[in-house]
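Let me begin by presenting the structure, written as structure tokens, before commenting on it.
The values are calculated or read from the model by the stated rules, or taken from the named source; none is laboratory data. Predicted model only: the values in this text are computed from it and were never measured. All Cβ positions, glycine included, derive from the backbone under ideal geometry; neighbour counts span all protein chains shown.
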Amino acid sequence: MTTMFVQLRRVVYLLVLLHCCMCVAYAEDGSDAGEVSSSNAEDVFGSAERNLTVAVDSAYEHILYVYGCMSAFKEKKKLCEDNSERAAAVAKKINASLEEIKKLEEDDKKWEQYGKWINDNEAKIKENLKEYENVTSSITDIVLLSEACKKPPHNLVNLTKQLGEARRRFLEVHQNKTHEKPEIMRLDKNSSITKQKLSDLTERLGSEHDELKPLMDVTKSVVKATRAVEDLRESLGLDSLRLMGNKEEWNKELMRREEERRSDVARMLEEAKAKIKEEIHRRVQEELLEEEKKRKDVEQPPTKTEGSGGSEEETNKGVEEAEKEQVTRAAEKVREEETKRAAKKATNGNDGSHSPALVHSPLLLILLSVLGCTLVC
């Protein structure tokens, strides 16, 4: 009989021990769940901000690049248009000489007159080559600018889509909360202005009056003229050295001129980028200040003052009403704070943080120790 009671006592102690372990486990699960929920919220906010920051940076890089090219090119636009026509005219004249040489090659009898044709056209060939040299020399800056602006860093369509999606997600996460932190406000304004700049850029480049079109036109004209010169050099054969000079020397001179101007063109682009960068920064600051002013006006509306003809009693009444309004707002603010604290306290009370398992954790440890010793005994 005594043995049976001892065994029953051990069973009861074991059940109590299991119950205590379950209480501790549930309390820890509740605490962990609260931490995970908070962590997930922070991850969502951080992810939205990071994605928008990356999208803004990419768009910003593209905007500075293209606007810098457009600004630098604006100063060279007239030179571009004039030399594009000159290069096209030179290419046309040289190609005409090439056609005449080809006709001589096709007829053996006429080919006998090749020497005479060379003598008759030597002055014209040299004149065309001199004009070609003048054109290429005068547009060295434009050629370098064209090379620098040839390939944008990003695809404009994809860039616009990515920025729009990132901003939409950002606004979803920060609904009615963009005023909470200065960095959130700045990111919001940065993305808004960058998106507008990107839209303006798309419209300007997509119009029939594309501002970079003359730059591309002069580049194409010079390429055609250069190809015509090379074809003429090949057709003239041995006479090319006498009429056109040494090709290697000509290329060296061309490269020398480009190297002399390359640093100046790079500086021109950087200055243009700096201007547009300063403009965007100024707009962001202005809009942030304007928004801050509006917010303060809403929070503290100016009190109306009576004119000099108003009675003292009416003035005092207006002051009293303003003071009452301020007191009312202060009381409402206090009530809101109390409500928030009560809600937070209620939330904490439901997440398992005040369960008996946590409140009496030292007692539980003692109880577990006693029960363990009893079981062993």
- Considering Leu145, Leu187, Leu104, Leu98, which residue is among the aliphatic types (A, V, I, L, M) and within 30 Å of Glu290 (Cβ to Cβ)? Leu187
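Residues are listed down the side, and each one gets a yes or a no for (1) loosely packed, with under 13 Cβ neighbours inside 10 Å; (2) over 30 Å from the mean Cα position of the chain (by Cα); (3) more than 22 Å from Glu75 (Cβ to Cβ):
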{"site": "Ser199", "(1), (2), (3)": "no, no, yes"}
{"site": "Lys220", "(1), (2), (3)": "no, yes, no"}
{"site": "Leu232", "(1), (2), (3)": "no, yes, yes"}
{"site": "Lys247", "(1), (2), (3)": "no, yes, yes"}
{"site": "Lys252", "(1), (2), (3)": "yes, yes, yes"}
{"site": "Glu258", "(1), (2), (3)": "no, yes, no"}
{"site": "Met268", "(1), (2), (3)": "no, no, no"}
{"site": "Glu278", "(1), (2), (3)": "yes, no, no"}
- Query: Of all residues in the stretch 68-112 being among the basic types (Lys, Arg) and in contact with an Asp or Glu (Cβ under 9 Å, 6 or more places away or on another chain), which is surrounded by the fewest Cβ atoms within 10 Å (Cβ to Cβ)?
  - Reply: Lys74
- Would you mind finding the one in Glu105, Glu85 that is assigned to a helix (DSSP H, G or I), within 30 Å of Thr219 (Cα to Cα) and under 60 Å from the mean Cα position of the chain (by Cα)? Glu85
- Of the residues Glu127, Glu61, which is touching a Pro at 6+ places or on another chain (Cβ under 7 Å) and either in a helix (DSSP H, G or I) or free of Cβ contacts under 8 Å to residues at least 40 places away in the same chain (or both)? Glu61
- Query: Within the stretch 173-181, is there a residue that is over 17 Å from Met70 (Cβ atoms), basic (Lys, Arg) and either at pLDDT below 85 or exposed (fewer than 13 other Cβ atoms within 10 Å of the Cβ) (or both)?
  - Reply: yes
- Per the list (1) more than 23 Å from Lys247 (Cβ to Cβ); (2) in a helix (DSSP H, G or I); (3) touching a residue at least 12 places away in the same chain (Cβ under 8 Å); (4) not polar (S, T, N, Q), residue check on Pro152 breaks on (2)
- Note on the structure: Checked the stretch 45-56 for anything over 15 Å from Glu183 (Cβ atoms), under 8 Å from the mean Cα position of the chain (by Cα) and surrounded by fewer than 20 Cβ atoms within 10 Å (Cβ to Cβ); matches are Val54
